[in-house]
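Chemist: I have a structure here, written as structure tokens, and I will follow up with some questions on it.
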Amino acid sequence: MILGAHEGVAGGVSTAFARAEADGADCLQIFVRSPRGWAVKPLDRGEVARFRTEARRTGKPTAAHSTYLVNLAAADAALRRKSWNALAEELARCEALGVRHLIFHPGSHEDEAQGVALVARGMAHALERVPGRSRLLVEITAGQGNSLGWRFEQVAAIREAVPAPLRRRVGVCFDTCHAFAAGYDLTTPEGYRRTFEDLDRLVGLSHLEAFHLNDCKKPLGCRVDRHEHIGRGAMGLEPFRMLVNDPRFAELPGFLETEMRFEENLRVLRSLVGGRR
């Protein structure tokens, strides 16, 4: 697995590469706009050029994470339209920067079937507006509240509901904390095997394109999204030992998301490579 972290972009998106180098990250995830507000300034052309120069210089794979405000399945039509447009705008920024993946949370809705359909329509809206190579990755969620995407069946249904020509640009991001909180036990060899067998059967491992590597503050099946540093939470080290040694995922990026201490967490992950229980 290619190990990295979600790096800050204070001072411009191009500055994230220097932070990644300082942390010892081999890949990085960023925000391409403010994650906490709807208003956004256009990308500066000079900053786009600097970002692409830094990407070439470092050779580090880069992904983006969508703003947390986006809810593609929002029951409120105005909020839903705002979310659809924000996702499209972020995808356009990824295309301009040459960022391959835009990872997003599907959103929440009281009715699962209706929510799945709305998420897929929002994804199609973005993909139609922004042709190119940048891809949308549906993130597996913890299932907090009425969140969608916490069962593999839901993730599969969302992807399948996107029209076929556009579906080629849709993949999946596996968040370890979220999956554990949703009830997928990654802590034993049997649970780990069963989890990825189910993911392959329902979604297809060929569509798995990135990982978020987070331990979980809460117990298995809690459906609460609370990240913890690697090995310091309810999951422990074993799931991460199995992941970093799994040849199926050797070429996929894995991003830490626990703020601060990225360098320390990366050292922990790398210490597990080649290790046995």
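The values are calculated or read from the model by the stated rules, or taken from the named source; none is laboratory data. These numbers come from a predicted model, not from an experiment. Virtual Cβ from ideal backbone geometry, glycine too; neighbours counted across all protein chains shown.
Chemist: Filter segment 24-53 down to the residues that are in a helix (DSSP H, G or I) and buried (at least 20 other Cβ atoms within 10 Å of the Cβ) and list them by number. Lay out the reasoning, then the answer.
Modeler: Quick first cut of segment 24-53, residues in a helix (DSSP H, G or I) only: 45-53.
Matches in segment 24-53: F51 only.
Chemist: Would you point out which residue out of Y192, Y184 is closer than 27 Å to E259 by Cα, in contact with a Ser or Thr (Cβ under 6 Å, 6 or more places away or on another chain) and of a type in the set (F, W, Y)?
Modeler: Working: Y192 fails: in contact with a Ser or Thr (Cβ under 6 Å, 6 or more places away or on another chain).
Going through Y192, Y184 in turn, just one is closer than 27 Å to E259 by Cα, in contact with a Ser or Thr (Cβ under 6 Å, 6 or more places away or on another chain) and of a type in the set (F, W, Y): Y184.
Chemist: With the condition kept exactly as written, say whether any residue in segment 247-264 is small (G, A, S), surrounded by 16 or more Cβ atoms within 10 Å (Cβ to Cβ) and in contact (Cβ under 8 Å) with a residue 24 or more places away in the chain. Full working, then the answer.
Modeler: Start the filter on segment 247-264 by keeping residues that are small (G, A, S), which leaves 250, 254.
Checking the rest, the ones that are also surrounded by 16 or more Cβ atoms within 10 Å (Cβ to Cβ) come to 254.
From what is left, the residues that are in contact (Cβ under 8 Å) with a residue 24 or more places away in the chain are 254.
Yes, segment 247-264 has at least one match.
Chemist: Being more than 17 Å from G191 (Cα to Cα) and either touching a strand residue (DSSP E or B) at 6+ places or on another chain (Cβ under 8 Å) or hydrophobic (A, V, I, L, M, F, W, C) (or both) narrows it down to one of F240, F262, so name that one.
Modeler: Working: F240 fails: more than 17 Å from G191 (Cα to Cα).
Every option except F262 fails the conditions.
Chemist: Give F196, F262, F255, F240 a once-over and let me know the one that is within 16 Å of the chain's Cα centre (by Cα) and aromatic (F, W, Y). Before you say what the answer is, go through the steps one by one.
Modeler: Working: F196 fails: within 16 Å of the chain's Cα centre (by Cα); F262 fails: within 16 Å of the chain's Cα centre (by Cα); F240 fails: within 16 Å of the chain's Cα centre (by Cα).
Step by step, each of F196, F262, F255, F240 is checked, and only F255 is within 16 Å of the chain's Cα centre (by Cα) and aromatic (F, W, Y).
Chemist: Being over 25 Å from P61 (Cβ atoms), in contact with a helix residue (DSSP H, G or I) (Cβ under 8 Å, 6 or more places away or on another chain), acidic (D, E) and assigned to a helix (DSSP H, G or I) narrows it down to one of E197, E160, E190, so name that one. Break it down into steps so the answer makes sense when it comes.
Modeler: On the way: E197 fails: in contact with a helix residue (DSSP H, G or I) (Cβ under 8 Å, 6 or more places away or on another chain); E190 fails: in contact with a helix residue (DSSP H, G or I) (Cβ under 8 Å, 6 or more places away or on another chain).
Exactly one residue qualifies, and that residue is E160.
Chemist: How many of the residues in segment 59-82 are farther than 21 Å from E257 by Cα and outside any loop (DSSP other than H, G, I, E, B)?
Modeler: Total meeting the criteria: 6.
Chemist: Continuing with this model, one more query. Name every residue in segment 126-154 that is more than 20 Å from V224 (Cβ to Cβ) and in a loop (DSSP other than H, G, I, E, B), in order of residue number.
Modeler: V130, P131, G132, R133, S134
Chemist: Counting only residues that are under 21 Å from T62 (Cβ atoms), modelled with pLDDT of 95 or more, part of a loop (DSSP other than H, G, I, E, B) and not aliphatic (A, V, I, L, M), how many does segment 218-277 have?
Modeler: 2
Chemist: Tell me, which residue of segment 1-19 that is of a type in the set (A, V, I, L, M) and not in a loop (DSSP other than H, G, I, E, B) is nearest to the chain's Cα centre (by Cα)? Please lay out each step first, then the result.
Modeler: We begin by selecting, within segment 1-19, every residue of a type in the set (A, V, I, L, M); these are 1-3, 5, 9-10, 13, 16, 18.
Now restrict to residues that are not in a loop (DSSP other than H, G, I, E, B): 2-3, 5, 13, 16, 18.
Details: I2: 14, L3: 14, A5: 11, V13: 18, A16: 17, A18: 21 Å.
Checking each candidate, the answer is A5.
Chemist: Which of the numbered conditions does G183 fail, given that it passes all the others? Conditions: (1) buried (at least 16 other Cβ atoms within 10 Å of the Cβ); (2) outside any strand (DSSP E or B).
Modeler: Going through (1) buried (at least 16 other Cβ atoms within 10 Å of the Cβ); (2) outside any strand (DSSP E or B) one by one, G183 breaks only (1).
Chemist: Something else: Being within 18 Å of the chain's Cα centre (by Cα) and either without any contact (Cβ under 8 Å) to a residue 24 or more places away in the chain or surrounded by fewer than 23 Cβ atoms within 10 Å (Cβ to Cβ) (or both) narrows it down to one of L208, L272, so name that one. Spell out how you get there, then give the answer.
Modeler: Values: L272 fails: within 18 Å of the chain's Cα centre (by Cα).
Answer to the check: L208.
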